[in-house]
Amino acid sequence: MKTKTFQLICIFIVIFQYAQIGILTKDPKAALDVNGNTVIRQVPQTNTLPGYQFLLMNQSNSEVSQISPGNINFSDTLNPSVYAAKKASGISLLSLGIFPSGFRSVNFTTTEKTTGNPTLFSDAESAYTAPSNGVYLIGYTFRYGTGLQASLLADTPGIGIVLTRANTATILDSRVFSGINLSILLSVTISESTINSLYTLQAGDKISFGLIGSGLLDVGLLGSSTSSFYIYKVSN
C-alpha cells in the first residue's frame with residue numbers, strides 16, 4: 001500500500017512540475033494564467049531602485065514582463081501643459097477692450113510655437129489657456145528695439161502678463177523698463193526685461209503677454225523687437 005501511495009505522489013509531482021495552471025480559464029497560456037483581477041494584500045516596501053525590476057503588462061496579450069529601471073526614460077513623456085513661443089519679427093501690439101488700461105498684448109500666434117500642443121493657444125486672443133488647476137512656471141522676455149534706447153521713455157513702459165478669468169482681466173505680473181543717466185545730456189532706457197516666476201492658475205485661465213504703458217512707444221522700433229515666453233505646470 002505504501003508503495004502505491006508513493007507512486008501516486010510521484011505521478012502528481014511530475015504532473016504539477018510540467019503542467020500549466022489556469023484560474024478562471026480552461027486553456028492556460030503560461031505556468032500560471034489568471035483570467036481575472038489580481039489582488040495583492042501586502043508587499044515589502046523599498047526606498048531604492050537598484051536591485052529591483054519593474055513589472056510591465058503587454059496590452060496585446062496581457063503577459064507580464066520585467067524591465068530594469070535603468071532602461072526607462074522617465075522624461076520621455078511631454079508635460080501636456082508645456083507651451084513656448086518666440087517672435088523675432090512682425091511684432092505688433094493688440095488692444096482688446098477686456099484688457100486692463102495701458103496693457104497691449106504681443107500678437108503671438110501658433111506659427112511662433114517652439115514646443116507644445118497648439119490647441120493650448122488661441123490665435124484670436126493671443127493667449128495661452130491653462131488645461132488644469134495647478135502651479136505654473138511662467139517666463140516672459142521682451143526686448144524693445146535694440147534693448148537700449150538713447151532717451152528715457154515716458155509713461156513708464158514695461159512688460160506685463162495678464163490673467164483673464166471668467167471674462168475679467170487683471171495684471172498677473174509686470175516689470176517696467178529701467179533707465180540710467182549717463183550724463184547731463186544723455187539718458188538711456190534699458191528696454192529689455194524678463195519675468196520668471198510661479199503662479200497658481202485654474203483650468204480655463206487665459207494668459208496674455210504684452211507691454212504696459214506702451215502708449216508713447218515708437219511703433220517703428222517694434223520691427224526690430226523680439227519676444228518669447230514659456231509656460232508649464234509644475235505642481236497640483
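Proximity of backbone amide H atoms, modeled 1.01 Å from N, is registered between Leu96 and Ser105 at under 5 Å, excluding neighbours fewer than 5 places apart on the same chain.
Using a Förster distance of 41 Å, how high is the FRET efficiency between Thr25 and Arg165, based on the Cβ-Cβ distance and rounded to 0.05?
With R0 = 41 Å, the Cβ-Cβ based efficiency is 0.15.
You can think of it this way: the chain between Glu125 and Thr38 has 26.3 nm of extra reach, that is 0.36 nm per residue less the Cα-Cα gap. Length gained on full extension, Leu94 to Phe54: 9.2 nm, using 0.36 nm per residue less the C-alpha separation. If you take all C-alpha pairs in the range 54-146, what percent of them are over 15 Å apart? Summing the P(r) tail past 15 Å for the range 54-146 gives 73 percent.
Put simply, the amide H of Ser81, placed in the peptide plane, has neighbours under 5 Å in Lys233, leaving out anything fewer than 5 places away on its chain.
Measuring with a 1.4 angstrom probe and ignoring ligands and nucleic acids, Glu192 comes out at about 90 Å² accessible.
The values are calculated or read from the model by the stated rules, or taken from the named source; none is laboratory data. Computed from a predicted structure; not experimentally measured. All Cβ positions, glycine included, derive from the backbone under ideal geometry; neighbour counts span all protein chains shown. When the accessible area is computed, the model is the full protein with side chains, heavy atoms only, and any ligands, DNA or RNA have been set aside. Shrake-Rupley method; radii C 1.70, N 1.55, O 1.52, S 1.80 Å.
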